[in-house]
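**Student:** Before I ask anything, here is the structure I am working with.
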Amino acid sequence: MLRIQLEEARATYLYHFFGHSQGIGSRACLRLAVGRLVGLHTRIRRVMGPAHPMTREITDLLRTALNEQLDWRLDDLDLRLLGPEFLEFGLER
């Protein structure tokens, strides 16, 4: 089940590049993907540990999602709701 959730978050992240987010907007689509990845990362790290390959895979995908942006900044995504876990990925706001 965790693998399916990871692939769903990855698909949502990749989908935002095309701008076809069915009325929610590509920024909201990216925000949704990042929120899902942060929640999934927290859960998998707690259950499987920080050294598990899936934990590292989610960390890498989250860093990619937060660093590969189109024409906006992280501040535009309003990621305050993600909480302190967001700062763990080496990104300062």
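The values are calculated or read from the model by the stated rules, or taken from the named source; none is laboratory data. This is a predicted model, so every value here is computed, not measured. In this analysis, Cβ positions are derived from the backbone assuming ideal geometry, glycine residues included, and neighbour counts consider all displayed protein chains.
**Student:** Among the residues of segment 1-44, which ones are charged (D, E, K, R) and either modelled with pLDDT under 90 or closer than 14 Å to ALA65 by Cα (or both)? It would help to see each step written out before you state the result.
**Tutor:** First, the residues of segment 1-44 that are charged (D, E, K, R): 3, 7-8, 10, 27, 31, 36, 43.
Result: GLU7, GLU8, ARG10, ARG27, ARG31, ARG36.
**Student:** While we're here: Any residue at all in segment 69-77 that's farther than 21 Å from LEU6 by Cβ, out of contact with any His (no Cβ under 8 Å at 6 or more places or on another chain), acidic (Asp, Glu) and modelled with pLDDT of 60 or more?
**Tutor:** yes
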